[in-house]
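The values are calculated or read from the model by the stated rules, or taken from the named source; none is laboratory data. These numbers were taken from a predicted model, which means no experiment stands behind them. When we count neighbours, we look across all protein chains shown, and the Cβ atoms used for this are built from the backbone with ideal geometry, even at glycine.
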Amino acid sequence: MISPDKIVEDLARVQEPGIFIVDDVAFIQGKHGMAIGEAIAKKGIKKKYYLETRGDVLLRNKDVFKFWKSLGLEYMFIGVEAIDEEGLLKHRKRISLGKNFEALEFARSLGITVAINVIADPDWDKQRFEVIRQWCLEIPEIVNISVNTPYPGTETWLTEPRHIQSRDYRLFDIQHAVLPTKLPLPEFYAELVKTQQVLNMKHLGWKALRGTAKIVAGHLWHGQTNFLKMLWKFNSVYNPASQLADHQQAVKYQMALPPPSRQRVAQGLLYIHQANGRQGRHIDDSTEQFVEATRMGISQ
């Protein structure tokens, strides 16, 4: 684990303005996150920070996140993934729906910009997409929609009973359906893009632009025009016909098929790299117990 002093030393050398990304799942070990923050405060470093975390980690280390708010934390991404218990179970999430919503409430209380991810499953029908759209419009958070995609090294790769419909490596990008869809594939993509478009207009339309005018102006001042151009290029990026056409392209690299699905998975079969146990992680006893209790694969 990199020492807090080393992290702060590297951060202090960066003079350019911008948003700095903090740890992929911050701060699973609260003590380390607090130590980094205290070192930043001691150095008097003034930056803006973006971090990604899990709802259970956020609730476990509230004081750490409050402290980072005082240091310049402005954006937080939380992987909510589903808005009902059935969805959480399907995606193998070891957190209750109530805890996820409690985490959202706490994140809102910090007064920062919060973004969440919701996983669209290929078995969604039009009614389910509409329910998700309405829910997303009712909450203040920025919402990203990704498609349920099993990956080698994950629990769903070994437990997913539905057969992979495409082995094209390019389609394993959480924006294409590689599992069978309940709706005809063209309709599934039409509903997916419609949902993404609704969310795009919620946060990036003309009305929302007034709230981001300061950000846009800052980018333009530094000669950065990509953000402004991105606001109105949605249709060229998200297009049902283009997504469908991707399935017809010649396959240059095929994914290996997963083994026959099973209901329970041994921990040793998960992850691309072999876990080294406690010796591979410098964490305290409390965090070790938390990690083990929330680990994705816990059944033999």
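A compact table of results
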{"item": "Residue pairs meeting the criteria (Cβ under 6 Å; at least 6 apart or on separate chains; first of a type in the set (Lys, Arg), in region 159-186; second outside any loop (DSSP other than H, G, I, E, B))", "result": "Arg167/Gln254"}
{"item": "In region 162-198, the residues that are outside any helix (DSSP H, G or I), aliphatic (A, V, I, L, M), closer than 13 Å to Leu244 by Cβ and within 21 Å of the chain's Cα centre (by Cα)", "result": "Ala177"}
{"item": "Some residue of region 195-205 being modelled with pLDDT of 90 or more and either in contact with a Phe, Trp or Tyr (Cβ under 9 Å, 6 or more places away or on another chain) or more than 14 Å from Ala120 (Cα to Cα) (or both)", "result": "yes"}
{"item": "Residues being more than 21 Å from Glu81 (Cα to Cα) and outside any strand (DSSP E or B) - total across region 38-61", "result": "10"}
{"item": "The one condition in (1) modelled with pLDDT of 85 or more; (2) farther than 23 Å from Met76 by Cα; (3) among the polar types (S, T, N, Q) that Ser146 fails to fulfil", "result": "(2)"}
{"item": "Residue tally, condition closer than 21 Å to Arg262 by Cα, in contact with an Asp or Glu (Cβ under 9 Å, 6 or more places away or on another chain) and surrounded by fewer than 18 Cβ atoms within 10 Å (Cβ to Cβ), over region 162-188", "result": "2"}
{"item": "Qualifying residue in region 11-34 (condition: at positive phi and modelled with pLDDT of 80 or more)", "result": "no"}
{"item": "Looking only at region 119-139, and only at residues there that are in contact (Cβ under 8 Å) with a residue 60 or more places away in the chain and in a loop (DSSP other than H, G, I, E, B), the one that is surrounded by the fewest Cβ atoms within 10 Å (Cβ to Cβ)", "result": "Pro122"}
{"item": "Residue tally, condition crowded, with 16+ Cβ neighbours inside 10 Å and in a loop (DSSP other than H, G, I, E, B), over region 140-161", "result": "6"}
{"item": "Subset of region 251-290 (residues that are at pLDDT 85 or above and of a type in the set (Ser, Thr, Tyr))", "result": "Tyr253"}
{"item": "Tally of residues being among the β-branched types (Val, Ile, Thr) and either modelled with pLDDT under 55 or surrounded by 13 or more Cβ atoms within 10 Å (Cβ to Cβ) (or both) across region 219-250", "result": "1"}
{"item": "Check on Ser96, at pLDDT 90 or above and either exposed (fewer than 15 other Cβ atoms within 10 Å of the Cβ) or over 16 Å from Arg54 (Cβ atoms) (or both)", "result": "no"}
